[in-house]
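*Asks:* Sharing a structure here in structure tokens format.
The values are calculated or read from the model by the stated rules, or taken from the named source; none is laboratory data. Remember, it's a predicted structure, so these values are computed and weren't measured experimentally. Cβ atoms come from the backbone with ideal geometry, glycine included; neighbour counts cover every protein chain shown.
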Amino acid sequence: MTEQAKVRHAIWLEPTHLHFHHGDNIEVKVLWGLAMHSEGGVNPDLLKGYVIDPNGVELPAQITPAPDGLHYVLAFSCGHEGMYTVQVESDAASGQWARVLVPVGHHVHGHGKALNRGMEIVPGTYGEFHPGDAVVLTVLNNGIPMAGARVRATYHLYEGTGFAHSLTADDQGRVQFVFDARGHWLFQVDSVMDNRQITATLVIPGVRG
């Protein structure tokens, strides 16, 4: 059983556009706050960003301040069409991992892939989502399923406080979530490992109404 932890401020990622084409320079916002309420304040010197292309090749990525000074941007150049996995990790002391999948091309579908680098939320079948659609998420820590992990979910148009939903992972670390609103959705898991709090986030952007 996974040891539960209090929900905390976290890093999350949002693409600047919902659709990219071959050869584009892709930008992903690096945000920090609580339940999709950005508060800034993240130190880029403590972050490492990288991208895995559709063929499983790691690409260089750079994190720089956004022009508005309110957040940071991870940028990379894409080659092949397909699904790109973008990940930002904090330093070891902070124990945070943030992920978003970025499709390049038209009508791109795929599956999330486990990277086995700390805690992660891995989506199953992935494509364009609408309210009423379901997604299966698997919570892993260094490749090991986190049975009983609490997965919190919210979306950027949510008018309440905190997270809109809370689910508990099964023995395989899986939850099935049904989208009930449009917008960018954030999934977050907080846990305690070796007396250290760790956090993973996954954003599924652009659920269409």
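*Asks:* I need the full set of residues from region 113-125 which are surrounded by 15 or more Cβ atoms within 10 Å (Cβ to Cβ) and part of a strand (DSSP E or B), in order please.
*Replies:* Correct list: Met119, Glu120, Ile121, Val122, Pro123.
*Asks:* For Val100, all conditions in the list (1) among the β-branched types (Val, Ile, Thr); (2) touching a Lys or Arg at 6+ places or on another chain (Cβ under 8 Å); (3) crowded, with 22+ Cβ neighbours inside 10 Å hold save one; what is the number of the exception?
*Replies:* (2)
*Asks:* Could you check, for region 68-81, whether at least one of its residues is of a type in the set (Gly, Ala, Ser) and either free of Cβ contacts under 8 Å to residues at least 24 places away in the same chain or out of contact with any strand residue (DSSP E or B) (no Cβ under 6 Å at 6 or more places or on another chain) (or both)?
*Replies:* Yes.
*Asks:* Additional query: I'm trying to understand the selection: among the residues of region 176-209, which are acidic (Asp, Glu) and in contact with a strand residue (DSSP E or B) (Cβ under 9 Å, 6 or more places away or on another chain)?
*Replies:* Result: Asp180, Asp190.
*Asks:* Given the conditions (1) closer than 22 Å to His111 by Cα; (2) under 14 Å from the mean Cα position of the chain (by Cα), which single one is not true for Asp190?
*Replies:* Condition (1) is where Asp190 drops out.
*Asks:* Then there's this: Just checking: which of the strands (runs of 3 or more DSSP E) contained wholly in region 126-209 hold 2 or more residues that are farther than 24 Å from Trp32 by Cβ and of a type in the set (Val, Ile, Thr)?
*Replies:* Working: elements: 134-141, 150-155, 165-168, 174-178, 183-193, 196-207.
Fully inside region 126-209 and qualifying: 134-141, 174-178.
*Asks:* Would you mind finding the one in Phe163, Phe187, Phe179 that is in contact with an Asp or Glu (Cβ under 6 Å, 6 or more places away or on another chain) and buried (at least 16 other Cβ atoms within 10 Å of the Cβ)?
*Replies:* Phe179
*Asks:* May I ask you to say which residue of Gly105, Gly82, Gly110, Gly95 is over 17 Å from the mean Cα position of the chain (by Cα), over 12 Å from Pro15 (Cβ atoms) and either charged (D, E, K, R) or crowded, with 16+ Cβ neighbours inside 10 Å (or both)?
*Replies:* Gly82
*Asks:* Given Ala114, Ala98, which one is at pLDDT 95 or above and under 21 Å from Lys29 (Cα atoms)?
*Replies:* Going through Ala114, Ala98 in turn, the sole match is Ala98.
*Asks:* A further question follows. Could you list, in sequence order, the residues of region 138-158 that are closer than 21 Å to His9 by Cα and within 13 Å of the chain's Cα centre (by Cα)?
*Replies:* Val139, Val151, Arg152, Ala153, Thr154, Tyr155, listed by residue number.
*Asks:* In the list Tyr72, Tyr50, which residue meets the criterion of being farther than 21 Å from His184 by Cβ, of a type in the set (Phe, Trp, Tyr) and modelled with pLDDT under 95?
*Replies:* That would be Tyr50, the only listed residue that is farther than 21 Å from His184 by Cβ, of a type in the set (Phe, Trp, Tyr) and modelled with pLDDT under 95.
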